[in-house]
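Only one structure is covered here, and it is reproduced in the block below.
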Amino acid sequence: MRNHLEDDVLLDVIEGAASVEATRHAGECASCAGRMADARAGLSLAAGAEAQDPSPLFWDAFRRRVASAIEAEARPRRFGGFFAPALLATAAIVAVIAFLPNDGPAPVAAPASLPVWSSLPAADDAALDGFPGSALGDDLAGCEDVAACVADLSDEESRAFAEALRAELGKSGDL
């Protein structure tokens, strides 16, 4: 046997309940023999000590405490452990979010672009003849919205268009 004997095997050797191989090793190994001599000295010291037996009340109380500890471990925890702190943390987070300042209403999406059309009466549409989006000019197939049609105008067309709009707004008194 290459390793030394474990403590429980040494006690078996002392009590005479160990295997033949363990007993032979304890006799041949100086380290194990020394540990076995220390164990025998401790056992004889413990046997010579006088200790009073505890009171019968101690054993009754001990039995009740052991039974209650076993019962407490067998009972499942309902709101203990991890569940209660997690529930409280969730409630705190919800409360904080509920009372955070609001930045105002959500931004409103831009309205859909409207098709280009002339706001001038049909008689005045002749002034815009040849301009994109006018009743007498090009059709609206090439324009997605007013900005797209106005962007395609040349400088000369832009000036004529602006003069026509000023004249129309001047008639209505909006200018």
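The set of residues in the stretch 1-40 being part of a helix (DSSP H, G or I), without any contact (Cβ under 8 Å) to a residue 12 or more places away in the chain, among the small types (Gly, Ala, Ser) and surrounded by 10 or more Cβ atoms within 10 Å (Cβ to Cβ) consists of GLY27, ALA33, GLY34, ALA37.
Scanning the stretch 160-175 for residues that are modelled with pLDDT of 80 or more and either among the charged types (D, E, K, R) or exposed (fewer than 11 other Cβ atoms within 10 Å of the Cβ) (or both) turns up GLU163, ARG166, GLU168.
If we scan the stretch 138-147, do we find a residue that is modelled with pLDDT of 60 or more, β-branched (Val, Ile, Thr) and out of contact with any Ser or Thr (no Cβ under 9 Å at 6 or more places or on another chain)? Taking every residue of the stretch 138-147 in turn, none turns out to be modelled with pLDDT of 60 or more, β-branched (Val, Ile, Thr) and out of contact with any Ser or Thr (no Cβ under 9 Å at 6 or more places or on another chain).
The values are calculated or read from the model by the stated rules, or taken from the named source; none is laboratory data. All figures in this text were calculated on a predicted structure; none of them were measured in a lab. With ideal geometry, Cβ positions are generated from the backbone for all residues, glycine too; neighbour counts draw on all protein chains shown.
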